[in-house]
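The numbers here are math on the coordinates, done by the rules we state, and not lab data. None of these values were measured; they are calculated from a predicted model. All Cβ positions, even for glycine, are placed from backbone atoms using ideal geometry, and neighbour counts span all protein chains on display.
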Number of protein chains: 2
Amino acid sequence: MSIASDLIRGHTETIILANLLEGDSYGYKINKAILQKTGNNFELKEATLYTAFRRLEEAGSIYSYWGDENTGARRRYYSITTAGKAEYQKLRDEWGTAKDLIDKLTEIGGQGNE
Amino acid sequence: MSIASDLIRGHTETIILANLLEGDSYGYKINKAILQKTGNNFELKEATLYTAFRRLEEAGSIYSYWGDENTGARRRYYSITTAGKAEYQKLRDEWGTAKDLIDKLTEIGGQGNE
DNA sequence: ATATATACCTTGACAGGCGAGGTATGTTGT
DNA sequence: ACAACATACCTCGCCTGTCAAGGTATATAT
């Protein structure tokens with residue numbers, strides 16, 4: 001049931017941004033949310049997740065701050081910026097275009113009519 | 001209008017196999033077919049195309065033979081094998097699964113209901 | 001003590017896409 | 001004759017995102 005990583009590649013950032021649109025969150029929780037949303041079929045690998053956070057933060061799409069938990073492990077929270085919201089919209093639009101293109105190019109017959 | 005290469009990654013082989021299901025063809029022609037199908041919005045880069053042919057041939061999904069043109073540049077034709085047809089079906093199924101997953105994970109609200 | 005869950009992080013390898021370059025044939029324009 | 005372009009193939013080396021493997025630290029349960 002696991003999904004090929006090449007099919008996810010390029011969507012990691014969109015997935016994270018979509019998650020943060022629902023409110024600030026942190027790495028571990030975001031990954032658990034993904035697991036739950038997909039009925040335990042898919043989760044991002046930690047290394048993938050954290051490198052994506054770095055990219056998004058460097059690009060100005062998100063910013064981070066340490067939580068002030070006084071118990072348990074410390075958490076680094078992420079928040080989506082205005083630029084991040086615009087980036088999300090752009091990526092979603094691109095996904096819509098790409099989806100149609102891939103459907104068209106990989107179906108038998110080639111362009112929707114035999 | 002150009003599509004991000006990370007969104008195409010992992011689909012190159014499916015696109016080629018889909019094309020070969022319509023009959024034997026060769027690199028240059030396949031790429032022109034893709035261009036035409038997408039209304040000049042997308043084409044595979046040559047380096048991408050030819051490395052994909054190598055992978056597919058090594059995997060036994062396609063085989064190749066030289067055309068016997070007695071004029072113009074020589075052409076290497078590719079033909080899909082039985083294994084290749086099965087591989088195509090597998091990749092299409094995975095695409096269906098991945099598409100649903102990505103839609104679910106990147107939409108606002110997260111799982112289709114607010 | 002040991003295991004498990006929570007929570008973070010980095011390093012190095014790997015694989016696919018692609019820019020840049022190369023080869024060769026045939027046609028069309030000047 | 002020569003240039004330019006279309007057809008048609010190919011390889012090398014870089015770049016980027018993923019991920020296995022390893023590490024750190026806190027809290028709870030057995």
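If you average the alpha carbon positions of region B:7-39 and of region B:62-79, how far apart do those two centres end up, in angstrom? When both Cα centres are located, 17 Å separates them. Computed from Cα positions, the angle between helix A:46-58 and the longest principal axis of chain A comes to roughly 80 degrees.
Across the copies of the chain, B:K45 has label points (7 Å from Cα along Cα→Cβ) spaced 2.3 nm apart, shortest distance listed first. Can you work out the PRE-style zone for A:T82? Point 7 Å along Cα to Cβ, and I want the residues of region A:6-25 with backbone N under 19 Å. Taking a point 7 Å out along Cα→Cβ of A:T82, the residues of region A:6-25 whose backbone N falls under 19 Å are A:21-24.
Going down the table (A:K99/B:K29; A:K104/B:K45; A:K85/B:K85; A:K45/B:K99), which pairs top 30 Å between alpha carbons? In this structure, A:K85/B:K85 lie more than 30 Å apart at Cα. The protein assembly as shown: percent of C-alpha pairs farther apart than 20 Å? For the protein assembly as shown, the fraction of Cα-Cα distances above 20 Å is 64 percent.
For chain A, the longest principal axis of the C-alpha atoms and the axis of helix A:27-37 are separated by about 40°.
At a Förster distance of 41 Å, what's the computed FRET efficiency of B:D93 paired with B:W66, Cβ-Cβ distance as r, to 0.05? For B:D93 and B:W66, the calculated efficiency is 0.75. With its label point defined 7 Å out from Cα along the Cα-to-Cβ axis, A:K85 lies at 5.3 nm from the matching points of the other copies, in increasing order. Under a Gaussian network description of chain A, with springs only between Cα atoms under 10 Å, the residue in A:Y28, A:Y78, A:Y63 that fluctuates furthest is A:Y28. Shape analysis of region A:29-93 places it in the oblate category; the axes a ≥ b ≥ c from the Cα gyration tensor give an a/c of at least 1.5, with a/b not above b/c. Using the empirical formula 2.2 N^0.38 Å as the baseline, the Cα radius of gyration of chain B reaches a ratio of 1.25.
Axis angle, to the nearest 10 degrees, between helix B:82-106 and the longest C-alpha principal axis of chain B: 30 degrees.
Just to be sure I understand the curve: with the Debye formula and one point per C-alpha of region A:7-53, what is log10 I(q)/I(0) at q = 0.33 Å⁻¹? Reported log10 I(q)/I(0), two decimals: -1.52. For the rotation carrying B onto A, the chain B residue whose Cβ lies nearest the axis, with the distance in whole Å, reads B:R9, 3.
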